[in-house]
1. Cα convex hull of segment 69-215: how many Å³ per residue?
2. What would the Debye equation give as log₁₀ I(q)/I(0) for segment 77-120 at q = 0.20, 0.28, 0.31 Å⁻¹, counting only Cα atoms as equal point scatterers?
3. What Kirkwood radius, in Å to one decimal, follows from the Cα pairs of segment 134-247?
4. Restricting things to alpha carbons, tell me how big the chain is in terms of Rg and Dmax, in Å.
5. Give me the mean projected area, in nm² to one decimal, of the convex hull enclosing the Cα positions of segment 186-243.
6. Expressed as a whole percent, how much of the Cα-Cα distance distribution for segment 1-107 exceeds 16 Å?
7. Hey, in the chain, which Cys have no second cysteine's beta-carbon closer than 4.7 Å?
8. Measuring from centroid to centroid over Cα atoms, what is the spacing of segment 40-59 and segment 248-286 in Å?
Amino acid sequence: MKDRYGRTIDYMRVSITDRCDLRCRYCMPEGCEKVSMSQILTYEEIVRICKVASELGISRIKITGGEPFVRLGCTDLIRSIKAVEGIEEVTVTTNGQTLERYIDELKDIGIDGINISLDTLDPERYTYITGGGEIEKTMKSIESAVRSGIRTKINCLLQKGFNEDELFSFAELAFRLGIDVRFIEMMPVGAADAGTGISNTVVLRKLMEKWPDLEPDRNVHGNGPAVYYKRPGKEGGIGLISAIHGKFCEYCNRVRLTSQGQLKPCLSFDTGTDLITALKGTDDELKEAIRKAIYEKPKAHSFTDTENNDIHAEHRLMSQIGG
Ligand code: SAM
Ligand code: SF4
């Protein structure tokens, strides 16, 4: 359906847990509080929301978290959502720590894509930034996902003084594996300080200096706002997701469902519609709550609006919202 600004909203990110087996410093710092399982939507509730949302034109679902694979039965949920009439695409975002063991099942389900988060190629840095993760596990998952033929992308957050020197290594990884690597600008949500991130304007300039043959790739690569570049004769691409330095709200196509059942029309605001109450009613009542939330989606994010004190800025952790 269209929101009040005429944007077509057909994509819903569904966070199925706020829990995670890692502690990425900008997302879920050590010691953060967890929500009790009784406050989390059940799989039946999530599938029901997807069904009703599909009747309003949501056709693409991203399963996210926290870490989706720490919740028992995650693949069963993916299978159930794949079976919902009107849902054309189901993808998942994961840190890749345990993904390898699910690849065959995901292939069997017919998952449409897997995004794997990886901020560094250096084992020690990886353990540092993720608060204890083991890079070998994620690298094996990436190799296994690529081998399986499932569309695989790597998401990388570049940070000043931490991993900015790995920009070219990540680009080379994309060309070597023949997959997309996307550089995501740090957003000021929860524990994150956007000041630690790197502007994608700088990223693009450096990439163009290194590879002058890099050219814009206008082919559609997915659901997101990433702008893609490729090199002639190379399979893999470079995606830039520039929420801060390349505001794309005009083309935004998404809403977010938190694990606690809030439908968030925009990442930057703490506001949203509580679907818990609506879930107690009929499907028509649930549909109306979703329709209203989508229709009233804000015109633009407020990340760069530093003057306005009335803004309901999002202070929850990214792990609680789903990124
Ligand atoms: N655990 C899964 C993972 O790491 O892919 C899914 C959830 S995680 C919240 C989803 C994505 O959000 C990750 O790629 C992560 O790097 C990104 N993310 C977390 N905090 C962010 C921030 N402040 N700005 C931009 N992206 C962020
Ligand atoms: Fe966990 Fe993903 Fe957040 Fe890292 S980015 S703490 S892996 S939810």
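1. 141
2. -0.65, -1.06, -1.19
3. Over segment 134-247, the inverse of the mean reciprocal pair distance is 14.7 Å.
4. Cα only, the chain: 18.8, 58 Å (Rg, Dmax).
5. 4.8
6. Roughly 61 percent, once rounded to a whole number.
7. So, 20, 32, 50, 74, 156, 249, 252, 266.
8. Using only Cα atoms, the two centres lie 11 Å from each other.
Coordinate-derived values only; no laboratory data. All figures in this text were calculated on a predicted structure; none of them were measured in a lab. Methodologically, a virtual Cβ is constructed for each residue, glycine included, from the backbone with ideal geometry; neighbour enumeration extends over all protein chains shown.
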